Amino acid sequence: MTPSIFNAVNVPAVQAVLKTGTGPLRFYMFGLAPKEKVYPYAVWAVTGGRPENYVQGAPDTDDYSIQIDVYASPDQGPSVARNALEKIQTAIESVAYVTSYLGEDRDPETLVWATGIVVDWIENR
């Protein structure tokens, strides 16, 4: 099972910061961002989870822990990454819980800015 996170963030407010024209939403599963990146963009990865088990009967939901990271170019600066993450967080909070903030970082080689959150997501089967 895969959480329907893309549907939650594919809304106008997020599109305004992570989409250009008719191009795709720049919100990728971890490891699938294109080699030639357009900034800002975001990636997500399921970092843990479990089915909601019962003594009798099959699980009816799955719980996921999802890490979301947003990246901005050196020229854009950290405020662009923060703004994109804020839009993603607002979109997600209607269907899931933000459980932690991952802070900010800057890659020493590429000088790309990054910020992130962790989300707990419950998906009905």
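For this structure, a couple of remarks:
- Contact order relative to length of region 15-125, as percent, for alpha carbon pairs under 8 angstrom and 6 or more apart: 25
- Among the listed options [x] 29, 15, 13; [y] 22, 16, 13; [z] 31, 14, 11, the one matching semi-axes √(5λ) of the Cα gyration tensor in Å as calculated from these coordinates is [x].
- The chain - percent of accessible surface contributed by carbon and sulfur, probe 1.4 Å: 53
- Taking the longest Cα principal axis of the chain as reference, the axis of helix 78-92 is set at about 20 degrees.
The values are calculated or read from the model by the stated rules, or taken from the named source; none is laboratory data. Note that the structure is predicted; figures quoted are calculated from it, not measured. Side chains are part of the model used for accessible areas, which takes the heavy atoms of the whole protein and leaves out ligands, DNA and RNA. Shrake-Rupley method; radii C 1.70, N 1.55, O 1.52, S 1.80 Å.
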